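Heads up: the structure comes next, in structure tokens.
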Amino acid sequence: MELLLKLLENVPAAPVKEVIVGVFSTLVKTKNACGIASTLRYDRPHKRIANSGELERFNLRELAEFALSDNLLEASLGMAAINGTFPVDEPRYRNMNGTDLLLENGAGKTLGIIGHFPFLERVSKRFKKVYIFEKFPRPGDLREEDIPTYLPEADVVAITATSVTNHTFEDIMRRTLPDSYKLLLGPSTTLSPLFFERGIDALAGSVVLDYEKLRMQVLQATPTRYLSGIRQVCLLRKDFL
């Protein structure tokens, strides 16, 4: 929570033009920017977002404060609002994706990854060993409960950015080796150097380039890996030293 509170300090009270909470992605649009985050929705029974139907009457800072909520839909909305505060054209952005970084820093080593990302089927053989930790495990995956046992063995650690949304990020980081290479990735990734102060080596996320194109895809339930209108970028800690 301390990290989220620091991120909230820099969110302006800007007017909000549109809020979309889609099946897979959440968008928060202001006059000059748009933030995106994955929609987390595994609460049972289903919960609503407070004041849903009139969210545009809140300013960006007020929506960002939803990131502190234990209601995962509200927290997803809050992360999208936070992500809408970062520039599209930061000069230190690298035109690469998280898969490139993992292979560059981890090929032949042990990878621990929080979240079963689609790219794993394509690249897993490039690593010495792969531990996949999932809330809803597939065959061969480990459970979240296995993180304390196996994650400390990983030379390279990839953490889904939804761990920030569901407030497990700090606990996961405590289970990593101090000298392991740590990457935060996924559409919810907040491109803030604050993560470098907390042990992350690289951030792999997205910025919105074409809101109208992205908007229609989110409304029509396009999974995040098929979205267009966005640009995948990476921010590296070494570029801030």
Checklist entry - Which of (1) out of contact with any Gly (no Cβ under 9 Å at 6 or more places or on another chain); (2) hydroxyl-bearing (Ser, Thr, Tyr); (3) modelled with pLDDT of 95 or more; (4) closer than 23 Å to SER25 by Cβ does THR110 not meet, given it meets every other one? => result (4)
Checklist entry - out of contact with any Lys or Arg (no Cβ under 9 Å at 6 or more places or on another chain) and not assigned by TED's automatic domain parsing to the domain that holds ARG198 - does that describe any residue in region 10-18? => result yes
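Do we find that ASN83 is within 19 Å of VAL164 (Cβ to Cβ) and either among the polar types (S, T, N, Q) or not assigned by TED's automatic domain parsing to the domain that holds GLU145 (or both) in this structure? I'd like the intermediate steps shown before the answer.
Working: within 19 Å of VAL164 (Cβ to Cβ): yes; either among the polar types (S, T, N, Q) or not assigned by TED's automatic domain parsing to the domain that holds GLU145 (or both): yes.
So ASN83 passes the test.
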Next on the checklist: Here's a check for you: in region 157-200, which residue that is in a strand (DSSP E or B) and hydroxyl-bearing (Ser, Thr, Tyr) is surrounded by the fewest Cβ atoms within 10 Å (Cβ to Cβ)?
Outcome noted: TYR181
Checklist entry - How many residues are assigned to a loop (DSSP other than H, G, I, E, B) and within 17 Å of the chain's Cα centre (by Cα) when one looks only at region 201-218? => result 1
Checklist entry - closer than 21 Å to THR162 by Cβ, in a strand (DSSP E or B) and of a type outside the set (Val, Ile, Thr), is that true of LEU111? => result yes
Next on the checklist: acidic (Asp, Glu) and either in the same structural domain as TYR131 (by TED's automatic domain parsing) or surrounded by 14 or more Cβ atoms within 10 Å (Cβ to Cβ) (or both): is that true of ASP89 in this structure?
Outcome noted: no
Checklist entry - When you go through ALA67, ALA154 one by one, which is the residue that is buried (at least 16 other Cβ atoms within 10 Å of the Cβ), in the same structural domain as VAL28 (by TED's automatic domain parsing) and within 19 Å of LEU185 (Cα to Cα)? => result ALA67
Item to check | Count of residues meeting criterion [among the hydroxyl-bearing types (Ser, Thr, Tyr) and part of a loop (DSSP other than H, G, I, E, B)] in region 1-56 | outcome: 3
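The values are calculated or read from the model by the stated rules, or taken from the named source; none is laboratory data. Every value quoted in this text rests on a predicted model; they were computed, and no experiment measured them. So basically every Cβ, Gly included, is an ideal-geometry build from the backbone, and we count neighbours across all protein chains shown.
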